[in-house]
Amino acid sequence: MRIGLVSAMHQELAAVLDRMPDEQRQRAAGRDFWVGHWHGHEVVAVLSRVGKVAAATTAVVLIERFGVDRIVFTGTAGGLGDGVRVGDLVLAREFLQHDIDASPLFPRFEVPLTGRARFPTDAELSGALTATARAVLAAPADTLGADVVAEFGLQAPRVHEGLIVSGDRFVATTPESAALRRALPDALAVEMEGAAVAQVCHDYGLPFAALRTISDRADDAAHVDFMRFIDQVASRYSAAVLEAYFGSL
Ligand code: ADE
């Protein structure tokens, strides 16, 4: 098994690299790919950067050049679904690009010439990560520390599973998030990369899973410091879930 771990932000990659004792840097496609081990399992960790094209490029290089046989994406997302709150974790069961629209030639959201709008994630890999996410969230203070739990109000975080939507926009206004909810009522969360990686992995027949920590509600409500949230909460949750996952293999 050789697993590709993709993060969109530097802090998240740093938390992954902290757990890899022996990583070696290799340059490709303008990126650093970190090849090493986590709990004895072969890992290639990489920063995708932000957006669908950056994520798709990263996924293709991981597959073609580094020979990974599965990909896990970790990061943050804006909550859309009822009850999807800041500090919750979402495991994607399927992805859709909310900003693709070739109508009237093809139905809105359908990726032209694929016949589909929704790209599923791998059931087994996602299920295993859901189980570890539940275990981590059962005691958030063990991962984050009691002070961080109190600072961000994360007393009873939940794990959700379902549709995540992706697009090349940071959704940060109430009208835009309301429009997304109306158009895609079952969407749990919105981010900027997952659907691209899901489509690439679908094309290659490669298992893919994505774990996102909810950092905001994708609206114009005043919000905690986003970078501090990534550093103190999201990166730590991702690393803890992956640590438990690798430990269980
Ligand atoms: N990632 C985290 N929050 C997001 C949001 N509101 N929109 C898009 N991507 C995000």
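Bear in mind these aren't lab numbers, they're just calculated from the coordinates by the rules spelled out. This is a predicted model, so every value here is computed, not measured. When we count neighbours, we look across all protein chains shown, and the Cβ atoms used for this are built from the backbone with ideal geometry, even at glycine.
Let's see how each residue does on (1) within 16 Å of the ligand (Cβ to nearest atom); (2) crowded, with 16+ Cβ neighbours inside 10 Å; (3) of a type outside the set (Asp, Glu); (4) closer than 17 Å to Ser235 by Cα:
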{"position": "Ala45", "(1), (2), (3), (4)": "no, yes, yes, yes"}
{"position": "Lys52", "(1), (2), (3), (4)": "yes, yes, yes, no"}
{"position": "Leu62", "(1), (2), (3), (4)": "no, yes, yes, no"}
{"position": "Asp69", "(1), (2), (3), (4)": "no, no, no, no"}
{"position": "Thr76", "(1), (2), (3), (4)": "yes, yes, yes, yes"}
{"position": "Arg93", "(1), (2), (3), (4)": "no, yes, yes, no"}
{"position": "Leu96", "(1), (2), (3), (4)": "yes, yes, yes, no"}
{"position": "Ser103", "(1), (2), (3), (4)": "no, no, yes, no"}
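The selection criterion, being assigned to a helix (DSSP H, G or I) and either more than 13 Å from the ligand (Cβ to nearest atom) or within 12 Å of Leu80 (Cα to Cα) (or both), holds for Glu151.
In the set (1) in contact with a Pro (Cβ under 7 Å, 6 or more places away or on another chain); (2) within 13 Å of the ligand (Cβ to nearest atom), the condition left unmet by Phe170 is number (1).
Checking Asp225, Asp186, Asp220, Asp216 one by one, the residue that is in contact (Cβ under 8 Å) with a residue 24 or more places away in the chain, surrounded by fewer than 18 Cβ atoms within 10 Å (Cβ to Cβ) and within 16 Å of the ligand (Cβ to nearest atom) is Asp220 and no other.
Among the candidates Ala244, Ala234, Ala198, the residue that is within 13 Å of the ligand (Cβ to nearest atom), in a helix (DSSP H, G or I) and under 20 Å from Ile71 (Cα atoms) is uniquely Ala234. Cβ separations smaller than 9 Å between residues 6+ apart or across chains give the following pairs from segment 157-182 residues that are on the phi > 0 side of the Ramachandran plot and in a strand (DSSP E or B) to residues that are small (Gly, Ala, Ser) and buried (at least 16 other Cβ atoms within 10 Å of the Cβ): Gly162/Gly81; Gly162/Ala92; Gly162/Ala187; Gly162/Ala189. When you check Ala28 against the structure, is it more than 16 Å from the ligand (Cβ to nearest atom), over 30 Å from Leu180 (Cα atoms) and under 19 Å from the mean Cα position of the chain (by Cα), yes or no? No, not satisfied.
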